[in-house]
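The next block holds one structure in the form of structure tokens; read it before the comments.
Each reported figure results from applying straightforward, stated rules to the coordinates on display, with no laboratory input. Nothing here was measured: the structure is a model prediction, and the numbers come from that model. Note that each Cβ is placed from the backbone with ideal geometry, even for glycine, and that neighbours are counted across all protein chains shown.
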Amino acid sequence: MKKLMPVIFILLCFSAKSQSSDTIKVNTDSVYAKPDTEAQFQGGEKKWNEYIKKTIEANIKTLIDDPQNNGVCTVNFIVDRDGSILAAVPENMQGSELARIFVQSILKGPKWIPAKANGVPVKSLRKQKLTFRYN
């Protein structure tokens, strides 16, 4: 039994060394729900809020005419590796003008700073809520 111990120890050391030199591969075709670094709007959250506010204000007459537009609209969208928006889908309020306008503003907006996984730009899922109330 004493002769086997050094052999086992050497194998464990060799195994640990080979694992540490491996690189972690990132699947750039997958959509990451929780990347290491989230996608960000150019200019940060303050600029994002200003952009959405402008879109809503430009369409205010359409929105106030229908009480169905009051509420919280949630949109899921995908930011591509180059920062463009691939798709945007309302999670709720489907069929409302608020959801339509919100989705269109996301799709037509400027590019984002893409998310990263292990330092590599990846596609990522974002969720955004918008509250609209008109009394």
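Summary table below
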read-out	value
Linear extension gain, GLN94 paired with GLU38, 0.36 nm per residue minus alpha-carbon span	17.5 nm
Modelled FRET efficiency - R0 22 Å, ASP65 with ALA87, Cβ distances, 0.05 increments	0.20
Fewest-first ranking of LYS129, LYS61, using other Cβ atoms within 10 Å as the exposure measure	LYS61, LYS129
Using a Förster distance of 25 Å, the FRET efficiency for TYR51-SER30 (Cβ separation, nearest 0.05)	0.35
J(HN,Hα) series, region 123-135, from Karplus relation 6.51 cos²θ - 1.76 cosθ + 1.60, nearest Hz, glycine and proline x	6, 9, 8, 10, 10, 10, 10, 9, 9, 10, 9, 10, 10
4 °C / 1.567 mPa s Stokes-Einstein diffusion coefficient of region 27-132, Kirkwood radius on C-alpha pairs, µm²/s	91
